[in-house]
Structure formats: structure tokens, C-alpha cells
Amino acid sequence: MARMLEVIRRGRVPNAEAASVRIASAKEPDIAAGTTADTPKANLKTHYRTCTLCEAMCGIKIALDGQRIVSIAGDPDDPHSRGHICPKGYALQDLHNDPERIRTPMKRVGDTWLPISWDDALDEVATRLVAIQKQHGNDAVAAYWGNPTAHNLGLMLTLPTFRGQLRTRNVFSASSLDQMPHQLVSYLMYGHSQLFTIPDIDRTDYMLMLGANPAASNGSLMSAGDVLGRLQGITKRGGRIVLIDPRRSETAHYASEHQFIQPGTDALFLLGLLQIIIDRRLTKPGRLADLVIGWNELPKLLNVLPLDRISELTGIAAADIERIAVAFAGANTAVCYGRMGVSTQSFGTLNHWLIQLLNILTGNLDRAGGMMFTTPAVDLLKSSGRGGFNRYQSRVRKLPEFSRELPTSILAEEILTPGEGQVRAFVSVAGNPVLSSPNGRQVDEALAQLDFMVAVDFYLNETTRHAHILLPPTGPLEHEQYDLVFNLLAVRNVAKYTGPLFDHAEGTRSDWEIFSELTTRMQRLKTRRAPLVKRLKQRASERVSRWLTPARILDLGLRSGPYGKGLNPLQRINPFGKKGLSLAALKKHPHGLDLGPLQPCLPQRLFTKDKKIQLMPAVLIADLQRLAQHYAAGAVTPKLVLIGRRDLRTNNSWMHNSQRLVKGRDRCALYVHPQDAEALGINDRQMARLASARGDIVVTVRLTDEIKRGVVSLPHGWGHHRSGMRISTAQGSPGVSINDITDDQVVDALSGNAVLNGVPVTLHAMAAVDVAS
């Protein structure tokens, strides 16, 4: 053991694939948690942490001169990202220094915002929420969490308690605008909504990607620092990357092959692959054959459309579908990976089920080079509920809940539709549903009619301008950081903790403090007339809650996790000694810990009652029949359909108030194929009117042959033209919102996920206008 500890101290463990740990040590002694001394010149100090502006978890080093950020750069000693950084990482300082960031609670009186003390603000929010629920029922209050929530340790740990205090069914999040189909499939097949399958990108020989653009996203549901280096690694070792997408995206430049596909038909393409693999007896499930339920029924169920019809509908030649199927099945290791482009369409859940089937039938689940499962240092799966499906439905449209959330597409109708259970108050947390939800204009209209709204956000934006009280939390550099969520999604098992870069300024609150205090105030209001014994118990519970800080909870999670005091079942020894991994041990490694490659872990990792993979869930079989009926009825392909797109410099609307991220070329132009434009009489850089069943917007056209004919593309998150906001940089480059014309009434029928791709549209020329690049 002494020898093992000495090796760890030096930063290496023998037989890394077996022991699975590589440690990146600081070059110089700690100054504070996550901080090391740098060169003495100019009295600079260097702070190491993780960028929180997308899923990649890239390590960064921040040079400080007192309280001033001198520079931000990639951390070459971070074992996860290896020095990689994208433009968003540099902009963290813009977010921290933004003079328009709200830093004190504000109350809206008419159209005027006035400062208010924290005690007065929190008391008013608690009083209003409790009163509305007392008068109209718990469901009269709705809540929405935006995507920055997943990056915030304190927020992740305190929101469940606050939600428990609300006791409302009307909870929404960005999940149902993005990855809900992934989670539903994981729940139905593997028994837990958070048990994601992760591409083992570092060891695969063949990567088939659908609707994914990691060159712009840096990896999504595939947290992979330096994802481009990892993609290049596949082809450098003789592997192959095949991209299926309606657009020849940035990722296509790293792919071996790109195939255009008609938006919304990915399920048909996947069915074609599966049919060929089964018909030609190319299946090779290996040990997975003994872990699945429903094997024998599979072949006949997948024969719903002939290959020539699939080819006609997808726009991919039958010979190419056959070639890709044979190559995928014949590769030594292969992985099929689909992302937002296949989630946000009418058969999103079906897409992810078929992707799982493809990986399982070819033996590429739970093995090196295929789709695998993480073993995170803090295992959220064991501390959170498995999830659930269709235990209740929404009031107006009767859409099913999933994991105690309802689809965000129904938010506006739940506010606007009168009757028992109507939403009258709203809690918005780090989100901007006016821009991110389908039919955003209706969401805007709905929020304006609320009796009460509170926003926990530090920007006055399209959504938060409707709030009556604005509670601004401290920024990402002002609180501790540990990625609970994205360690579940990482392509290697990693762990990293960082303390705050800056102390809280006087008179500020973190998200953790805001929601802890709100929860306490609401509970006291509800129990103020309760018996003395109950009130004393409540006070004792409050004292325990104050002691259980995010750092202490994290420490408990690490100690009880797979690298804690107990042995990791995938390791022969615990590399952290008898005491195991703890927060104190993790703090000693400010660049982070590489806990090794993903390891086979089935059936132990399954959460199904019988420890079997449920290959044929009944609701997915029914959805397959929906697909067959849709296309058997002679579905007509619209002449023009709209898809979204991702830009490397943006992830959510917070980033649009950074000049370094919005400067340069117009990133909000509509991509149109030259032949489509010619047929419509539209020129490059001309203004045009783009219309759908939900409305129209005026766009700037950019001609490109990198998009399929009959398809046009706009990015998400723009449209900063509304009044009453304080985001002047964003308003200076407003763009248009794609979600002003997406349809809230069209969802993936199974999961309720929003359909943001494949939207039928028309495009009409307007008077030619010179538009700056």
C-alpha cells in the first residue's frame, strides 16, 4: 500500500487500465482550494477551475492581479480537456464583470425597477407564493429551471428541497426542450432516467453520429474536453466517422463521410440499418444476449417499411444505407450516437430507442469502444429517484409527466387557460423560456398575465422582465464548483473541485442561500400556527440544513461513492487508501483527477427489477406503430422545412451580452441552398419573410450548399428586440428567435419533448437590402 500511495503522489498508477486512476498534480503549492502560486512577476496568482458555459468541462487557468482577472487560458494539466478552450471560456470574465449584471434584489413597480433589501424581497416572495397556493391550490404555482442549473453545485443541491416545499405538479425545465427522449429511453430500458449511455470516443473504431455537432457543442451528453482532438484521434488510428445530418455542419470537416438526410426521418434510417443487420445475420450481441428481455420478438417488429421506401423518404440511397449498416456491424468497435437534432423531432424517443437497439444488436453496449456507462465519484443515481412516467398528466392537453416534470411546450397554455388548477404564479430559475420554448410569443404573452412572478437570475432579459421580484445570485466565479451532472456524462471518469475565485461581495447571495432562505420562510409561514412540537422540529431541521453546506454534502457524496471508503467494484484496490476519496483529498489536485476510462458494468449498473435490459418496452412498440402508420398513410414531405443549429460561441442567451462572443459575422442568418433561393427569387444577404403555422419573422438569407435542398436553418437563443430589458450588447445584435415560429402544439407524442426541427415553413423575398457580414 505504501508503494501505491507513493506512486499516486507522483501522479501515476501502474496498470492504469486496471487501477484506472491518473492524477494531475499542481506544479506549485496550494494557496487556497483550487489555487496555486504562479510566477512571482507582477504578483500574479493563478486559479484553476472548470468552464461552466457548456457541457465539455474544460479546465481553465485564470491569472489574477488582486481582484482583477488578467487572463483566462486553457489548463494544459487538466487531464480531461488537456489545455483545450473555446471562445466561451475566455468570456467567463465578461459574465463576471458585466456592468449590466443585476447584483441586488429588484422590485418592479409598473415599468420601473427599484432596489429592495434581501429580507424584504425574500419575505415578499415567500408570502406571495404561499398565499396563492393557499387560495388556488399547490398547482397554481409553476417553476422552470434553465440549463445553467446543471453547472451549479449549490443550486443542484437545494432545488429539490425548494421543489418539495412548492408541492406543485407544474414543474418544467430545459430538459423537455432538449434531451428528454434520452432520459425516457434510459428509464424504460435500463431502469433509471439518469443512466445515460456515453460514447467511448477515445477507443472506438467507427462512430456513427445523427443530429449531433460536437465541433460546435464541444460534445453534448458526451462531456469531452478537447472533443475535436478526440474526433481526430478516431481517424488517425484508422477509424471512421460517419455523420448523418441535414446540414454539412462544422463536424463534417472531421468526418470521414457525411450524408444529407430529410429532417424528421432519422427513425426510418435507423430502421433500415437494423433491418439489414438482422436480415444478413450480422448481429453479434455477445454477452448482451443473456442480459436482454424481448429478443425474439424484435426482427418482425422492425420490418415496418421496405428499404426502397426508407431510401425515398430519407433521401439516402439504399446502397449507402446497406454499406453503412454492414460497416457498422463489421467494425471491431463501433458506437451510434444521436443528439439534439434527433431528440427535438416528432419521433425523438423512438430515435433514441433505435440507437440503443443498434448498439445492442452489434454488441457495442457496455464494452470498450462502444456505448458505455460512467462510474462517477459522486453517484447521483443512487441518491436520486429512478424516475417515472405518466403518473399524472397536464391539466389542459393531458400530456404525461416524466420524472415529475411536464413538457415545457404546455407552459403557456397552463397560464392562459382559465379554470381550476390554472397557473397564476411562476418561479423562473436561470432560464429564458421566451426564447427557448416553442411559440415563444405566446410564452411572452402568458408571463405578462401572471398574478406574480419571481426570477432568480442576474440578467433582466426577455423572460425576467415579467417578474415582480428579481433575485440575483452570485456568478459562476463566486461559488464553489463540482460538476455533479456532467461527470455522469463524461467520456472518462473524472472529478474536480474548485473553491470560489472571488469571495461574495457584501449584500450578495448565492443560489444555495437564496433557495435555502426561501424554503425556510415558506415553511415557517405554513407552520406558524402549528403545535409547538412541530415548530421546534422545524427549527431543528433548519439548523441541520444550515450545517449541511454544499461542500459538506459533496464530501459525504465522495466518501460514500465508488472511490470513497468502500472499494470501487471495478477496481482491485482503492487508489486513495483506506480512507478513500474525500473532498480534502480532491482539493489537493486542483487540475482534477482522471479516474480512468469507462468500464463494463452490466448487469450491476442496471436499475431494472430483474437486472435485465428491457429491449421491447410496450410504449415504444406502440410508438413504432405510430411511425409505420404515419408513413403508410402516404405522408407528404413539405417543400421547405426549418431546422435549428448550434454556434460555438453561444449556448444560452447569457452569452449574448458578451461583446467578444457576438462580434464579427452575422450568426443569426438563415441558411438556404442556392437552388432553393433561385427558385424563390431570393439573393444572398437579402431580407426575406419566413413563416410557419405559428407566425412569421424577417430573416437575412445566406446562401450555402452546405445544407440539404428543401431545408433552411436558424440558430436558437436569439431575438433580443423586446423592450424593458437591460442587455444592451445583446440588443445591439438582436437577431431573430427561431422559437417565435416553432409550434407548441407539435411534440414528440411519447415524451412530450418539443419539436424544434423539421418545422414546415414558407419563405418569401422582400426588398433587397445590403446586410453587413
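The values are calculated or read from the model by the stated rules, or taken from the named source; none is laboratory data. Computed from a predicted structure; not experimentally measured. FYI the Cβ positions are ideal-geometry reconstructions off the backbone, even for glycines, and counts take in every protein chain you see. Surface areas here come from the heavy atoms of the whole protein model, side chains and all, with no ligands, DNA or RNA. Shrake-Rupley method; radii C 1.70, N 1.55, O 1.52, S 1.80 Å.
Observations on the structure shown:
- With the helix formula -39500 (n - 2.57) applied to DSSP H stretches of n ≥ 4, the chain reaches a computed 222 nm mean residue ellipticity of -8500 deg cm²/dmol.
- Segment 236-306 and segment 612-655 have Cα centres separated by 15 Å.
- Share, in percent, of DSSP beta bridges within segment 356-495 that are antiparallel, nearest 5: 25 percent
- Shape category assigned to segment 198-252 from the gyration tensor of Cα positions, a/c cut at 1.5: oblate
- Potential extension, VAL70-LYS284 segment - 0.36 nm per residue separation minus Cα distance: 71.5 nm
- Net charge of neighbours whose Cβ lies under 14 Å from the Cβ of THR204, counting Lys and Arg as +1 and Asp and Glu as -1: +3
- Considering only the chain, percent of DSSP beta bridges that pair antiparallel, nearest 5: 55 percent
- Sparsely packed trypsin sites (Lys or Arg not before Pro) within segment 154-241, loop by DSSP, other Cβ within 10 Å at most 11: ARG167, ARG237
- Rolling a 1.4 Å probe over the heavy atoms of the protein chains gives segment 418-499 an accessible area of 19 Å² per residue.
- Placing unit charges on each Cβ (+1 for Lys and Arg, -1 for Asp and Glu) gives segment 424-573 a dipole about its Cα centre, and among LEU477, GLN442, LEU518 the Cα reaching farthest toward its positive end belongs to LEU518.
- Histogrammed with a bin width of 20 Å, the alpha carbon distances of the chain distribute as 16, 51, 31, 2 percent, first bin at zero.
- Counting only lysines at least 8 places from LYS611 when in the same chain, those with an alpha carbon closer than 20 Å to its own are LYS382.
- D by Stokes-Einstein for segment 433-548, Kirkwood Rh over Cα pairs, 10 °C, 1.306 mPa s: 90 µm²/s.
- Orientation-averaged projection of segment 60-153 equals 9.9 nm² [convex hull of Cα atoms, one quarter of hull surface area].
- Size of charge dipole - segment 664-712 - debye, nearest 20, with Cβ of Lys, Arg +1 and Asp, Glu -1, no other charges: 180 debye
- Between the residues ALA91, ILE310, TRP295, the greatest Cα displacement towards the positive end of the dipole of the chain, with unit charges on the Cβ of Lys, Arg, Asp and Glu, is found for TRP295.
- Across the accessible surface of segment 466-550, with the other protein chains kept in place and a 1.4 Å probe, carbon and sulfur atoms take up 54 percent.
- Sequence-distant residues sharing a close amide H with ALA490 (under 5 Å, placed H): SER223
- The charge dipole of the chain, taken about the Cα centre with unit charges on the Cβ atoms of Lys, Arg (+1) and Asp, Glu (-1), comes to about 2520 debye, rounded to the nearest 20.
- Sulfur and carbon atoms: percent of accessible area, segment 120-172 [1.4 Å]: 46 percent
- Those GluC sites (Glu not before Pro) in segment 450-552 that DSSP places in a loop and that have at most 10 other beta carbons within 10 Å: GLU506
- Each Lys or Arg adds one and each Asp or Glu subtracts one; over the other residues with Cβ under 15 Å from the Cβ of SER117, this totals -3.
- Straight-distance crosslink candidates among lysines, where the alpha carbon sits under 20 Å from LYS537 and sequence neighbours closer than 8 are dropped: LYS526
- Around GLU678: net Lys/Arg minus Asp/Glu count, Cβ-Cβ under 14 Å: -2
- Applying the criteria of a DSSP loop state and at most 16 other Cβ atoms within 10 Å to the chymotrypsin sites (Phe, Trp or Tyr not before Pro) of segment 436-528 yields PHE502.
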